[in-house]
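Undergrad: Sharing a structure, written as structure tokens. Questions coming.
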Amino acid sequence: MPHRIRTGPDTTPAGALLEAGLQQIVGYQLAQAAITTSEVFERQVGEALGLRRVEYTLLMLIGQNPACSSVRLARALDVTAPNITMWIDKLVQRGWVQRAQSATDRRTNRLLLTDAGSALAREATQRLLAGEAEQLAALSAAERAILLELLHKVALCRSGVERG
């Protein structure tokens, strides 16, 4: 006798597994939603522009925080200093980021986007916004705004996050 696959509101979006016990777990729902947004990123930016998520994130953070340090980036992304240095090195090698010595502390490098880095960040953002709008068309503009606000609030719950 073949096993019958159940579908409905208490099953996973793919694979039709029962997930009722997980539906109230924020981390699980975030992970499921990340599958959707990861697909959008890969299609719109990864494959199209040859850019990884961490590279895009760094480009955007550096672009919006001119002259920031790698220490601040590492803290923001919760990664080690050697890890962030490796990623910054790659961005510098690709011509998207440049290092400039701090005028106030010669031990510190400040990071800036090159013109190519700025253009790439703009194009990637436009592609992501369009891809997400298409993929998440089931959400109204108000629902999308609420989702973004709530996700930001969840991120602010991170241990050690400075508030204010």
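The values are calculated or read from the model by the stated rules, or taken from the named source; none is laboratory data. What you see is a predicted model; the values in this text were computed from it and never measured. With ideal geometry, Cβ positions are generated from the backbone for all residues, glycine too; neighbour counts draw on all protein chains shown. Accessible surface is based on the protein model in full, side chains and every heavy atom, while ligands, DNA and RNA are left aside. Shrake-Rupley method; radii C 1.70, N 1.55, O 1.52, S 1.80 Å.
Undergrad: State which residue pairs qualify: first residue touching a residue at least 12 places away in the same chain (Cβ under 8 Å) and closer than 17 Å to GLU47 by Cβ and inside region 115-139, second residue assigned to a helix (DSSP H, G or I) and among the acidic types (Asp, Glu) in any location, beta carbons under 8 Å apart, and separation of 6 or more residues or different chains.
TA: Within 8 Å, the pairs are GLN135/GLU39.
Undergrad: Can I ask one more? So in region 48-65, with the set limited to residues that are of a type outside the set (S, T, N, Q) and assigned to a loop (DSSP other than H, G, I, E, B), which one is least open to solvent (accessible area, probe 1.4 Å)?
TA: Top of the filtered list is LEU51.
Undergrad: How many of the residues in region 34-43 are open to solvent by 40 Å² or more (accessible area, probe 1.4 Å) and of a type in the set (S, T, N, Q)?
TA: So the answer is 2.
Undergrad: Cβ-Cβ distance below 8 Å, separation of 6 or more or different chains: which pairs start in region 148-160 with a residue that is within 15 Å of ALA34 (Cα to Cα) and open to solvent by less than 100 Å² (accessible area, probe 1.4 Å) and end on one that is among the basic types (Lys, Arg) and assigned to a helix (DSSP H, G or I)?
TA: none
Undergrad: Still on this structure: Can you name every residue in region 18-33 that is over 17 Å from ARG158 (Cα atoms), outside any helix (DSSP H, G or I) and open to solvent by 60 Å² or more (accessible area, probe 1.4 Å)?
TA: LEU18, GLN23, GLN24
Undergrad: Further question on the same structure: ASP89 versus (1) within 26 Å of VAL40 (Cα to Cα); (2) at pLDDT 95 or above: which is the lone unmet condition?
TA: Answer for ASP89: the failing condition is (1).
Undergrad: If you don't mind, another one. Can you tell me how many residues within region 121-147 are surrounded by 13 or more Cβ atoms within 10 Å (Cβ to Cβ) and assigned to a helix (DSSP H, G or I)?
TA: So the count comes out to 13.
Listed here are the residues, each with its yes/no results for (1) of a type in the set (D, E, K, R); (2) within 18 Å of the chain's Cα centre (by Cα).
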{"site": "ASP10", "(1), (2)": "yes, no"}
{"site": "THR36", "(1), (2)": "no, yes"}
{"site": "VAL40", "(1), (2)": "no, yes"}
{"site": "LEU49", "(1), (2)": "no, yes"}
{"site": "ASN65", "(1), (2)": "no, yes"}
{"site": "VAL71", "(1), (2)": "no, no"}
{"site": "PRO82", "(1), (2)": "no, no"}
{"site": "GLN101", "(1), (2)": "no, no"}
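Undergrad: For region 71-120, which residues satisfy the criterion of being open to solvent by less than 40 Å² (accessible area, probe 1.4 Å) and either closer than 24 Å to HIS152 by Cα or among the basic types (Lys, Arg) (or both)?
TA: Scanning region 71-120 gives LEU73, ALA74, ILE84.
Undergrad: From (1) without any contact (Cβ under 8 Å) to a residue 60 or more places away in the chain; (2) among the small types (Gly, Ala, Ser); (3) under 30 Å from ALA116 (Cα atoms), pick out the condition that doesn't hold for ALA48.
TA: Just one mismatch for ALA48, condition (1).
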